[in-house]
């Protein structure tokens, strides 16, 4: 099983952004680096799907698990900060099956060694069984800067 680059998309400074269409792959890894202009969370939305089709379990900074079911916002990727964030995640995209996601992200917080970064772990599923051909990186408010980037690798 060899991983190959599938798609890269850069923020344009005008809110969220969506990747161009990419090749459907069963197993996918993504990396995202983002800087938001406001302290608001960012979400991943496969195929820009805003239906009530997401169920997630998440944890911020090792605290109590939280859940969201029948959600339309997507997979929350960051806690929300105006400092840089970086995350890595995986999703399984098998035809006619629910899509499973897992992601891990870190946010810088205040610069310097005096402040620990934030961390977030998210697992979730998208109940839509349509193959994933694009990814929307959505912010609840504010804009992703032009330094923001989403890249995906895939394999069958």
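Label region 54-120 by shape, choosing from rounded, prolate and oblate, from the square roots a ≥ b ≥ c of the eigenvalues of the Cα gyration tensor; if a/c is under 1.5 it is rounded, and otherwise prolate applies when a/b is larger than b/c, oblate when it is not.
Because a/c hits 1.5 or more and a/b exceeds b/c, region 54-120 counts as prolate.
Residue separation times 0.36 nm, minus the C-alpha to C-alpha distance between residue 48 and residue 151: what's the value?
35.4 nm
How long is the gain from residue 116 to residue 18 if the chain were fully straight, where each residue apart is worth 0.36 nm and the alpha carbon distance is subtracted?
32.2 nm
How would you rank 110-118, 43-51, 92-100, highest first, on the average number of other Cβ atoms within 10 Å across their residues?
43-51, 92-100, 110-118
Suppose each label sits 7 Å from its Cα in the direction of the beta carbon; what would the residue 90-residue 69 distance come out to in nanometres?
2.6
We did not get these values from a lab; they are worked out from the coordinates using the rules stated. What you see is a predicted model, and the numbers here were worked out from it, not measured in a lab. Positions of Cβ are generated from backbone atoms using ideal geometry, with glycine treated the same way; all protein chains shown enter the neighbour counts.
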